[in-house]
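Since the structure comes first, as structure tokens, the remarks are kept for the end.
Every number here is computed from the coordinates shown, using simple stated rules; none is lab data. Predicted, not measured: the structure shown is a model, and the values here were computed from it. Cβ sites come from the backbone with ideal geometry, for glycine too, and all protein chains shown count toward neighbours.
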Amino acid sequence: MSLTNIAPTADLQALDAAHHMHPFTANGALGAKGARIIVRADGVRLTDSDGTELIDGMSGLWCVNIGYGRHELADAAARQMRELPYYNTFFQTSHVPALKLAARLAELAPGDLNHVFFASSGSEANDTNIRMVRQYWALKGQPQRRTIIARRNGYHGSTMGGGSLGGMAAMHAQGGLPIPDIVHIDQPYWYGEGGDMTPEAFGLARARQLEEQICALGPETVAAFIAEPVQGAGGVIIPPESYWPEIQRIVDKYGVLLIADEVITGFGRTGHWFGSQSYDIRPNIMTIAKGLSSGYQPIGGSIVCDEVASVIAQDEFNHGYTYSGHPVAAAVALENLRILEEENIIAHVHQTAAPYLATAWGALADHPLVGEAVSRGLMASLALTPDKETRARFAGEVGTVGYICREYSFANNLVMRHVGDRMIIAPPLIISTADIDELVARARRTLDQTLAHLQREGLLKTAA
Ligand SMILES: *Cc1c(COP(=O)(O)O)cnc(C)c1O
């Protein structure tokens, strides 16, 4: 019996409640209810401490791209730990896993994104990006180019820097965020904010907010624009097709650096190696993490273009992490990239799984509670609504209905997350069409139960 599974569930829950502070959680309420204890996993399925199997519709937290249970990654970690468990890259030293991973990422990344600065997470990598773009402009003799433009309801991590770049109001409400010189524009969320405009016109209007903001601040003060190709944590918000080409035109026109936060969209999620390729954008820096190691080890980084890297190289960059390029994490990431490539997993997404999901998930749009059912690659979302025609919101606090739906989903042994009243999934990239059918069947059952619940409780009401 494994170490994690030696006690009855209630005992594990009591220990968890007494000592473990969960992220993004009201710990008092969770402690009273008891966390679900996950003890093992294989493929797209998790097993909890009562032996119940769940379909992991979220790839952990958007990261387990190759699925669970790949012993090759465990072997790579064990081999590396025996050979060289740790060494730093500060002391004019390097090691084989870090340099090989950097070279491999340079091969995979589009354009002249040829240089990698490693971190252990997406948040850390975005903190690196803030300092790197400002240092870049300082070295170019334009130190006044400090401001970074980001988006409301974007997500870029939870450190002081990452949380500041992110546009999550609930995060900014706590702990003194955002840090100075970060400015937010609106998101390209047509379903929720597009009103009577067509998606195409709305996408252009939201992109042009970037130009308006750059001009209002003065282009000579703007260092960079950061955005996710598809917003993940914001609710799988897929921009209108008109959005990204206009953004690219604007950053090119004003010489503003473009940072594509590919922490979710990288490594196959959208059906290409990177979301930037799916949307034909040319970032100067890409943030990576999550799928880089399929979550088997904590690792992230910034992939940097030739121009920015060559300027940064002119002076000492006073920045780095003890675990930048950690050899065990890098060895595991290399093995993950080998599997993604040799098993043609991204082609499976592009040719098979994504089109299949688009049809199966898209069919949920006929459900009375669903205002839209959309996907891009293997990330998908539903908008819950009391009135499909008007795309109305529910009366009462945003997220109340989403939470109810999430609870039914969890009870149906499907991990589907809610963001406000949107339901989202991002399953492992190796998911089969049979498992997509099973996932969607559980989602539909969940919607039926949610609808019945809302009717019973009188919650099927439109906001005034
Ligand atoms: C998860 C996420 C991050 C933060 O990564 P962590 O590893 O949790 O620090 C940053 N950007 C995006 C787009 C993410 O989804």
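Tabulated results
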{"read-out": "Estimated FRET transfer efficiency when R0 is 41 angstrom, pair ASP75-GLU407 (beta carbons, to 0.05)", "value": "0.60"}
{"read-out": "Formal net charge of residues neighbouring SER120 (Cβ-Cβ distance under 13 Å; K, R +1; D, E -1)", "value": "-1"}
{"read-out": "Orientation-averaged projected area, Cα convex hull of the range 210-277 (nm²)", "value": "4.8"}
{"read-out": "Inter-label distance, nm, simple model (7 Å from Cα along the C-beta direction), ALA106/THR89", "value": "1.1"}
{"read-out": "For q = 0.07, 0.09 Å⁻¹, Debye-computed log10 I/I(0) when each Cα of the chain counts as one equal scatterer", "value": "-0.36, -0.61"}
{"read-out": "Peptide ranges 114-125, 307-318 listed from the most packed, as the mean C-beta count within 10 angstrom indicates", "value": "114-125, 307-318"}
{"read-out": "Length added when fully stretched, GLU193-GLU220, from 0.36 nm per residue minus Cα-Cα", "value": "6.7 nm"}
{"read-out": "Residue-count net charge about THR147 - beta-carbon cut-off 15 Å; Lys, Arg +1, Asp, Glu -1", "value": "+1"}
{"read-out": "Cβ-based exposure ranking for ASP16, ASP280, in which fewest neighbours within 10 Å come first", "value": "ASP280, ASP16"}
{"read-out": "For the chain, share of DSSP beta bridges that run antiparallel, in % to the nearest 5", "value": "70"}
{"read-out": "Structure-based [θ]222 nm, the chain - -39500 (n - 2.57) summed over DSSP H runs of at least 4, per residue, nearest 500", "value": "-12000 deg cm²/dmol"}
{"read-out": "DSSP-defined beta bridges in the range 72-342 - what % are antiparallel, rounded to 5", "value": "45"}
{"read-out": "Computed lengthening from ALA463 to ASP186, 0.36 nm per intervening residue step minus Cα-Cα distance", "value": "97.5 nm"}
{"read-out": "The range 72-342 shape via C-alpha gyration tensor axes, a/c threshold 1.5", "value": "prolate"}
{"read-out": "Cβ-based exposure ranking for THR385, THR25, THR93, THR287, in which fewest neighbours within 10 Å come first", "value": "THR93, THR25, THR385, THR287"}
{"read-out": "Using a Förster distance of 35 Å, the FRET efficiency for ALA14-HIS453 (Cβ separation, nearest 0.05)", "value": "0.75"}
{"read-out": "Inter-label distance, nm, simple model (7 Å from Cα along the C-beta direction), LEU99/ASP437", "value": "5.1"}
{"read-out": "Proximal charge balance of HIS172 [Cβ under 14 Å; K/R count +1, D/E count -1]", "value": "+2"}
{"read-out": "Relative contact order, percent, the chain [alpha-carbon distance under 8 Å, six or more residues apart]", "value": "19"}
{"read-out": "Percentage relative contact order, the range 72-342, counting C-alpha pairs under 8 Å, at least six apart", "value": "30"}
